[in-house]
């Protein structure tokens with residue numbers, strides 16, 4: 001590696017940092033004022049790029065190439081901002097008072113809907129935009145050619161940072177934004193038109209994201225995977241920089257981008273006789289940067305501790321062991337599931353569907369342990385599903401281990417991953433926890449995608465078939481039933497054990513729990529590890545059930561499926577997630593597979609749940625019964 | 001002579017240029033009820049939170065029965081025998097009253113990581129006894145979220161006593177209570193102090209509580225200790241009158 005290539009990559013890093021910054025800055029400003037983490041923020045970035053590649057050629061025909069290109073970028077930013085305002089007025093206004101989890105889910109639903117809308121309008125193919133007129137050449141620098149457009153991008157980030165700084169410090173709007181960020185109640189009490197302020201801030205934030213996306217027109221094609229990849233990166237940047245801090249966002253973006261660029265510049269490195277290809281360690285580097293910052297400064301470089309927020313919504317009723325009737329129902333359900341193989345003689349599809357339901361039930365139950373008693377909404381539970389599935393698949397195919405042992409390897413992999421990631425996650429709470437879990441899940445997903453020699457890349461691993469006696473549909477089904485029952489009983493016992501009580505206590509009042517002598521972080525870490533372990537079992541079973549595992553199956557979509565299952569049934573009891581898992585599996589099987597837009601339909605379903613039944617379907621039904 | 005239950009020496013804490021605490025020292029003996037008073041911003045909460053481990057002092061020491069506990073985490077300090085109640089009482093809202101006390105007992109006994117056996121039977125008898133002592137036995141099966149605020153404060157006291165502490169820190173134990181409830185609460189604390197040989201450090205705005213029940217009073221003003229003595233001595237101290245009461249007679253607000 002030469003000094004020149006290092007410098008070359010450094011400039012490249014600045015260019016990438018600008019893109020990251022534009023997304024993270026908007027996310028940060030919106031959170032500061034509205035206290036909502038906009039999960040759909042990457043979607044506005046993606047929309048900006050799609051709009052730009054559409055608008056630029058259209059405008060170009062009328063006004064000529066240069067005006068068309070730049071007009072396309074600014075037009076895209078404006079349209080994105082307008083869409084943002086529309087979303088704020090139609091959707092967000094209804095959920096400002098809702099619990100955090102529902103706000104996260106509602107904006108995530110938006111992500112799903114926007115993605116399918118983009119699929120509908122622009123189709124599944126990548127779309128290339130025109131090159132930048134006047135900036136399509138390159139500059140000679142130390143014997144290497146630097147694209148002019150990259151230099152332009154490197155400058156844009158600091159310029160936007162400066163512009164935002166001026167807006168925030170010199171204008172009345174900026175003063176209001178800063179005031180609202182510090183004390184929202186006070187701004188409301190002073191009689192300022194909050195509604196207009198919130199709409200304007202959301203439009204500004206989404207507009208910047210759209211601008212960031214549109215600027216990428218000359219660098220990368222518009223594609224449908226951008227929303228999630230950008231969201232994951234933006235979360236890393238915001239967690240590193242500190243939520244609500246603009247300069248923190250820029251510094252963090254620069255740090256992350258430069259570390260990645262450095263890895264690329266280093267290329268093949270020999271350490272102690274082993275050759276490492278550093279350029280493929282960019283994700284690990286990103287993870288390390290985040291880990292180091294979080295250990296040293298848990299609230300990010302420029303972040304401040306989040307003020308303790310009162311738990312919104314009413315307190316849960318105390319958990320009671322099942323009464324006679326409840327136990328009978330549980331037994332009846334168990335007998336029914338044990339009898340499914342008999343049903344298979346008449347409906348051959350029944351055991352397959354029932355197996356899917358069992359896997360979903362174990363997955364949802366493990367997530368519920370964190371979300372319900374733990375009060376920690378993980379947006380990245382798919383990571384442990386994936387680790388379990390890949391661990392099992394690798395052990396079964398490459399290592400050729402017998403089925404039970406392969407599953408054990410998968411479970412151990414998931415538990416190890418949950419212990420590693422959980423150690424960082426449990427230091428945070430609320431939206432920070434949600435963001436960090438999602439970022440970790442993105443990292444696991446990307447590693448599965450990139451490390452072809454271990455994970456099979458985008459094709460995944462296949463030929464993951466169980467040995468006898470588990471090789472028949474019924475054999476595997478009964479094994480899965482046994483594992484699921486063990487898992488659910490374990491969770492149930494945990495919740496009523498001293499540990500479960502301590503987990504609930506830490507959720508109810510962290511302050512009181514610490515003052516009583518409970519090691520809150522340790523309790524949460526163990527809960528995280530146990531949830532990951534059980535989730536890994538679900539993942540391992542999934543690999544055997546499908547005979548394969550690919551990155552597709554462990555994407556963020558699966559994390560969200562889990563959240564929807566838990567919420568469908570209600571967070572407050574273990575029964576809820578089990579019912580939700582069964583319900584969503586049936587729904588996906590019957591309705592959603594029929595349409596290419598079923599993710600969008602899922603988004604609409606989530607929005608319906610959030611807006612109509614803010615305490616889950618089970619809770620909603622209970623309330624309807626009470627009022628009728 | 002054995003060392004005092006709590007001894008703080010030369011505690012100092014700055015926030016930017018503000019001296020929240022400036023060289024404050026005092027100690028509490030077994031069986032003593034010590035009131036920490038002072039106008040708003042005097043440094044009472046800072047002092048409390050340092051003893052409790054929520055804040056680290058810039059300098060100075062906190063000793064519990066001779067052992068240096070400065071800078072330990074709240075949960076460690078709790079396990080060493082310091083019970084704490086908060087200004088705004090907090091309990092575990094999703095549990096029953098009995099479960100709240102059982103949880104505190106489980107934590108105090110270091111049984112938090114029991115994963116298999118049900119918590120229902122852990123410390124059942126001891127928890128009921130604590131509820132009996134704090135007058136909440138009748139509410140044992142009620143969800144804590146449904147208690148009246150005065151009863152929440154009593155529950156918090158029962159939980160703070162669960163670790164059989166040597167020292168009880170009570171941040172405004174009677175805030176938000178009616179006059180009758182106030183007297184009943186402080187009488188209860190008084191009686192428990194005697195029965196258990198507890199040392200109690202409490203802050204309070206209600207002067208009837210302070211001058212009617214405390215054994216000794218420590219007065220803070222702008223981060224400095226300006227008086228430390230018996231109720232009578234502090235009441236007559238001109239410095240206290242000047243800083244704390246603006247010169248008015250303190251007997252006016254005393255309603256024994």
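Residues in region A:461-505 near a label at residue A:586, defined as backbone nitrogen under 12 Å from the 7 Å Cα→Cβ point?
Flagged as within label range: none.
Which angle from 0 to 90°, rounded to the nearest 10, does the C-alpha axis of helix A:382-397 make with the longest principal axis of chain A?
70
Calculate, in nm to one decimal, what residue A:86 and residue A:324 gain on full extension: separation in residues at 0.36 nm each, minus their alpha carbon distance.
Extending this stretch completely gives an extra 80.6 nm.
What ranking of A:245, A:28 emerges when the number of other C-beta atoms within 10 Å of each C-beta is taken as an exposure proxy, fewest first?
Placing the least packed residue first, the sequence is A:245, A:28.
Roughly what angle does helix B:124-133 make with the longest principal axis of chain B, taking Cα atoms, 0 to 90 degrees, to the nearest 10?
Once rounded, one gets 40 degrees.
How much length would be gained if the chain were fully extended between residue A:185 and residue A:225, taking 0.36 nm per residue of separation minus their Cα-Cα distance, in nm to one decimal?
Extra length from residue A:185 to residue A:225 when fully extended: 10.6 nm.
Work out the mean other chain Cβ neighbour count within 10 Å for the residues of B:73-83 and drop it here as an integer.
4
What angle do you read, to the nearest 10 degrees and between 0 and 90, between the alpha-carbon axis of helix A:282-296 and the longest principal axis of chain A?
80
Taking R0 as 51 Å, what's the FRET efficiency between residue B:180 and residue B:3 from their Cβ-Cβ distance, rounded to 0.05? Kindly include the intermediate steps, with their values, before the conclusion.
On the way: r = 38 Å, r/R0 = 0.75.
The formula returns an efficiency of 0.85 here.
Compare the peptides B:9-17, A:401-409 by average per-residue count of other Cβ atoms within 10 angstrom and give them in order, highest first. All intermediate terms of the calculation are to be shown ahead of the outcome.
Values: B:9-17: 14.0, A:401-409: 18.8.
Highest-to-lowest ranking by the protection proxy: A:401-409, B:9-17.
Cα extents of chain B along the three principal axes, largest first, in whole Å?
Sorted from largest, the Cα extents of chain B read 59, 39, 39 Å.
How big is region A:323-482 by Rg and Dmax over its Cα atoms, in Å?
Here Rg and the maximum Cα pair distance are 17.9, 53 Å.
For region A:3-296, what is the convex hull volume of the alpha-carbon atoms per residue, in Å³?
Hull volume normalised by residue count: 154 Å³.
Could you state, as a whole-number percent, how many of the C-alpha pairs of region A:22-92 are farther apart than 18 Å? Working shown, then result.
Details: 1077 of 2485 pairs.
Across region A:22-92, Cα pairs with separations above 18 Å total 43 percent.
Which stretch or stretches of region A:1-35 have amide N atoms under 16 Å from the point lying 7 Å from residue A:148's Cα along the Cα→Cβ direction?
Inside the label zone: nothing.
Using alpha carbon coordinates only, what is the Rg to Rh ratio of the protein assembly as shown, with Rh defined as the Kirkwood radius?
Rg divided by Rh gives 1.01.
Evaluate E = 1/(1 + (r/R0)^6) for residue A:454 and residue A:292, where r is the Cβ-Cβ distance and R0 equals 22 Å; express this FRET efficiency to the nearest 0.05. The partial results should precede the final answer.
Details: r = 25 Å, r/R0 = 1.16.
Result of the calculation: an efficiency of 0.30.
Within 10 Å of each residue's Cβ, count the other Cβ atoms and sort B:47, A:535, A:425, A:263 from fewest upward.
With the sparsest Cβ surroundings first, the list reads A:263, A:425, B:47, A:535.
At a 10 angstrom cut-off on C-beta neighbours, averaged per residue, how do the peptides A:329-336, A:429-436, B:115-122 rank from highest to lowest?
Per-residue Cβ counts within 10 Å, averaged per peptide and sorted highest first, yield A:429-436, B:115-122, A:329-336.
In region A:488-622, what is the volume of the convex hull around the alpha carbon atoms, normalised per residue and reported in Å³?
Cα convex hull per residue, to the nearest whole number: 138 Å³.
Pop a pseudo-label 7 angstrom from the Cα along the beta-carbon direction at both residue A:317 and residue B:113 and give the gap in nm to one decimal.
Here the modelled spin labels are 3.5 nm apart.
Given points 7 Å out from each Cα along the Cα-Cβ axis, report the residue B:56 to residue A:398 separation in nanometres with one decimal.
Those two pseudo-labels are separated by 4.3 nm.
May I ask for the Rg/Rh ratio of region A:327-627, computed from Cα atoms with Rh as the Kirkwood radius, given to two decimals?
Radius of gyration relative to Kirkwood radius: 0.96.
Order of A:59, B:220 from fewest to most other C-beta atoms within 10 Å?
Ordered from fewest to most neighbouring Cβ atoms within 10 Å, A:59, B:220 come out as A:59, B:220.
Mind ordering B:86-98, B:60-72, A:546-558 by average Cβ neighbours within 10 Å, highest first?
Descending packing order for the listed peptides: B:86-98, A:546-558, B:60-72.
With a Förster radius of 41 Å, plug the Cβ-Cβ distance of residue A:163 and residue A:6 into 1/(1 + (r/R0)^6) and report the FRET value to the nearest 0.05. Intermediate results must be reported in sequence, preceding the final value.
On the way: r = 30 Å, r/R0 = 0.74.
Once rounded, the FRET efficiency stands at 0.85.
Does region A:167-296 come out rounded, prolate or oblate, given a ≥ b ≥ c as the square roots of the eigenvalues of its C-alpha gyration tensor, rounded meaning a/c under 1.5 and, failing that, prolate meaning a/b above b/c?
Prolate, since a/c reaches 1.5 and a/b exceeds b/c.
According to a simple spin-label model (label point 7 Å from Cα along Cα-to-Cβ), what is the distance in nm between residue A:120 and residue B:142?
5.4
Here, each number is a calculation from the coordinates, and none is a lab measurement. All of these numbers come straight from a predicted model, not from anything done at the bench. Neighbour counts run over all protein chains shown; Cβ positions are idealised from the backbone, glycine included.
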